[in-house]
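Participant: My structure is below; once you've seen it, I'll send some questions.
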Amino acid sequence: MRKSQAQTPAAPEISKKKHDAEAPRGFVAEWTVTILLLLFGTTTLVQAFVIPTGSMEDSLLIGDHLLVDKLAYAPQGAIGKYLLPYQDVERGDIIVFRYPIDLNQTFVKRVVGAPGDRLKVVDKQLWVNGAALDEPYVVHKSDYIDAYRDNFPSPPRSMQVYQSAVDMLENHVRDGEIVVPEGNYFAMGDNRDLSLDSRYWGFVPRDHIIGKPLIIYWSYDAPTSHLQDAGISLAHLRDLALNFFPKTRWKRTFQLIHSYDWSALDAPQQ
């Protein structure tokens, strides 16, 4: 009996050692799953994107950091369409897409023409399907009228126009208007006078569209030169270290990004 009583405390000691050994493994497993879910979410569901240029001012500013919903325009499956809020790309949507001239670059613009639409620009005024549009988000930062940019479509002159835009002008102009072909969209920047957009490189193919911006999660007043490189430059790191608080645009942080409702354009003409 004594021998048995002397050995009795050994069982809890073994159990305690086993628990101590399992605790770190459980901690590592939990964090591994968390990190994997985070990586899955940021590569499959949402994607971070920073605005490097002023082509979307004043809707989006240089240094706005966005989260982009990559599922917004995903194909609707037989079951998925009832579970997730998929939608079609519509006029007025701000989209993030692969730049047709260089697929390694990512652009952000606003859709102003959907498949089948007829559009033109007359003295800076955008017309779609015979209607002059009221676009409260558009800014013009130059007073002069450029023959190509502000009266479009027209023969390009001295400015750089890519071959894809030349093809668009040769094959998709009817009665002085661009006709958007099936499976493509026409996109323009809100800063109309300073935007490299579909006027210069043509249509955005549907399969180039990555997603729809959801929210500005951080906005920092940085120059374009700090934001165009693939990595973070030393100059940008130094700027952040010295000016993080005064140059962060706190009022823009967590602002939602909304599309503009163009539904009236589809209403029957009276």
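Participant: What pairs can you find where one residue is in segment 52-63 and within 12 Å of residue 219 (Cβ to Cβ), the other is part of a loop (DSSP other than H, G, I, E, B), and their Cβ atoms are less than 6 Å apart, with a gap of 6+ or different chains?
Facilitator: That search, which allows pairs on different chains as well, returns 60/51; 62/51; 62/54; 63/221; 63/222.
Participant: Out of all the residues in segment 171-183, is one or more part of a helix (DSSP H, G or I), in contact with a helix residue (DSSP H, G or I) (Cβ under 9 Å, 6 or more places away or on another chain) and either surrounded by 15 or more Cβ atoms within 10 Å (Cβ to Cβ) or among the hydrophobic types (A, V, I, L, M, F, W, C) (or both)? Spell out how you get there, then give the answer.
Facilitator: Residues of segment 171-183 part of a helix (DSSP H, G or I): 171.
Okay, now just the ones that are also in contact with a helix residue (DSSP H, G or I) (Cβ under 9 Å, 6 or more places away or on another chain), so none.
The answer is no; no qualifying residue exists.
Participant: Next up: Give me a count of the residues in segment 96-149 that are acidic (Asp, Glu) and within 24 Å of the chain's Cα centre (by Cα). Walk me through it before giving the result.
Facilitator: Step one: list which residues in segment 96-149 are acidic (Asp, Glu), which gives 102, 117, 123, 134-135, 143, 146.
Filter again for within 24 Å of the chain's Cα centre (by Cα), leaving 102, 117, 134-135.
So the answer is 4.
Participant: On the basis of being out of contact with any Phe, Trp or Tyr (no Cβ under 9 Å at 6 or more places or on another chain), hydrophobic (A, V, I, L, M, F, W, C), farther than 30 Å from residue 263 by Cβ and surrounded by 14 or more Cβ atoms within 10 Å (Cβ to Cβ), does residue 235 make the cut? Before you say what the answer is, go through the steps one by one.
Facilitator: Working: out of contact with any Phe, Trp or Tyr (no Cβ under 9 Å at 6 or more places or on another chain): yes; hydrophobic (A, V, I, L, M, F, W, C): yes; farther than 30 Å from residue 263 by Cβ: yes; surrounded by 14 or more Cβ atoms within 10 Å (Cβ to Cβ): no.
Taking the combined requirement at face value, the residue does not satisfy it.
Participant: Does residue 191 satisfy being among the polar types (S, T, N, Q), under 26 Å from residue 49 (Cβ atoms), touching a residue at least 12 places away in the same chain (Cβ under 8 Å) and in contact with a strand residue (DSSP E or B) (Cβ under 8 Å, 6 or more places away or on another chain)? Spell out the reasoning first.
Facilitator: On the way: among the polar types (S, T, N, Q): yes; under 26 Å from residue 49 (Cβ atoms): yes; touching a residue at least 12 places away in the same chain (Cβ under 8 Å): yes; in contact with a strand residue (DSSP E or B) (Cβ under 8 Å, 6 or more places away or on another chain): yes.
Answer is yes for this residue.
Participant: Here is a follow-up. For residues that are part of a helix (DSSP H, G or I) and among the charged types (D, E, K, R), tally how many sit in segment 199-237.
Facilitator: Of the residues in that region, 3 qualify.
Participant: Further question on the same structure: Of all residues in segment 51-75, how many are charged (D, E, K, R) and within 17 Å of residue 253 (Cβ to Cβ)?
Facilitator: Applying the first criterion (charged (D, E, K, R)) to segment 51-75 yields 57-58, 64, 69-70.
Still in the running and within 17 Å of residue 253 (Cβ to Cβ): 58, 64.
The number of residues fulfilling the criteria is 2.
Participant: Given the criteria surrounded by 11 or more Cβ atoms within 10 Å (Cβ to Cβ) and without any contact (Cβ under 8 Å) to a residue 40 or more places away in the chain, does residue 254 qualify?
Facilitator: Values: surrounded by 11 or more Cβ atoms within 10 Å (Cβ to Cβ): yes; without any contact (Cβ under 8 Å) to a residue 40 or more places away in the chain: yes.
Taking the combined requirement at face value, the residue satisfies it.
Participant: Still on this structure, please answer the following. Quick one: in segment 222-232, of everything that is surrounded by fewer than 14 Cβ atoms within 10 Å (Cβ to Cβ) and touching a residue at least 24 places away in the same chain (Cβ under 8 Å), which residue is farthest from residue 96 (Cα to Cα)? Quick ask: steps written out before the conclusion?
Facilitator: Of all residues in segment 222-232, those surrounded by fewer than 14 Cβ atoms within 10 Å (Cβ to Cβ) come to 223-225, 228-232.
Still in the list and also touching a residue at least 24 places away in the same chain (Cβ under 8 Å): 223-224, 228.
Values: 223: 21, 224: 18, 228: 16 Å.
Per the stated criteria, the residue is 223.
Participant: So residue 157 passes all but one of these: (1) within 16 Å of residue 188 (Cα to Cα); (2) in a loop (DSSP other than H, G, I, E, B). Which condition number does it fail?
Facilitator: Unmet condition: (1).
Participant: Have a look at 101, 145 and point out the one that is assigned to a loop (DSSP other than H, G, I, E, B) and surrounded by 15 or more Cβ atoms within 10 Å (Cβ to Cβ).
Facilitator: Details: 145 fails: surrounded by 15 or more Cβ atoms within 10 Å (Cβ to Cβ).
Just a single option satisfies the conditions, and that option is 101.
Bear in mind that the values in this text are calculations on the coordinates, not laboratory data. On a predicted model such as this, the values are computed, not experimentally measured, just so you know. Ideal geometry is used to build each Cβ from the backbone, glycine not excepted, and the neighbour counts take in all protein chains shown.
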